[in-house]
Amino acid sequence: MVVRIYRISPIGICLLAVFWLMMAGLAGCTVKLISDYDETTDRTVSALQRKTESHLVALENVENSPDCEYDRHKQFYDEAKIDVSAITVRAAAIPKNDITTKEAHLLLSSLENLEKLHKISCLSKDQIALLRAHFNTSYTAILKLELAKRRGQ
């Protein structure tokens, strides 16, 4: 049996070492284009969705009565704006979370538009149904993104 011994120059050893270090580094390297899942955002958005739905149900129940007037529901708008502001600030503070931040801004805009409509007059059940669908679309978009982050997608 013949055993051959190959001689590798010091430069060759260095190049081989660099190659293996690069391969090891690339194997463990991932590029993240979006932030990680944020449980607080998930919980806060879910709670605000419930609060909004409760408000819309309450408006349906008082249609065509004095209880439908804006002044009787002002507290909801104040609290909801505070909640959306908290969501927006938190989302903006998380690096690579621009999509959630933009969605929170859109949610605030929708809430402000609902408040403007309510100030003009009480809302009909048909109007509330359209508004509910719009709000649920916004809430679903934010929650879908957070849940996809949790799954690592």
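Coordinate-derived values only; no laboratory data. Bear in mind the structure is a predicted one, so any value in this text is a computation, not a measurement. Neighbour counts are summed over all protein chains in view; Cβ atoms, including those assigned to glycine, are modelled from backbone coordinates with ideal geometry.
Quick one: order Thr41, Thr140 by neighbouring beta-carbon count within 10 Å, fewest to most.
Arranged by neighbour count, lowest to highest, Thr41, Thr140 become Thr140, Thr41.
Given 0.36 nm per residue, what is the gain on full extension from Ser85 to Lys51 after removing their alpha carbon distance, in nm?
Gain in length upon complete extension: 10.7 nm.
Based on Cβ point charges of +1 for Lys and Arg and -1 for Asp and Glu, what charge dipole magnitude is obtained for the stretch 39-151 about its Cα centre, in debye rounded to the nearest 20?
About 540 debye.
Cα atoms only, the stretch 39-151: Rg and Dmax in Å?
Cα only, the stretch 39-151: 14.6, 47 Å (Rg, Dmax).
Starting from the Cα-Cα distance between Glu63 and Gln127, subtract it from 0.36 nm times their residue separation and give me the gain in nm to one decimal.
Between Glu63 and Gln127, full extension yields 21.9 nm more.
Using a 10 Å cut-off around each Cβ, can you sort Asp126, Asp38, Asp98 from fewest to most neighbouring Cβ atoms?
By the 10 Å Cβ count, ascending: Asp126, Asp98, Asp38.
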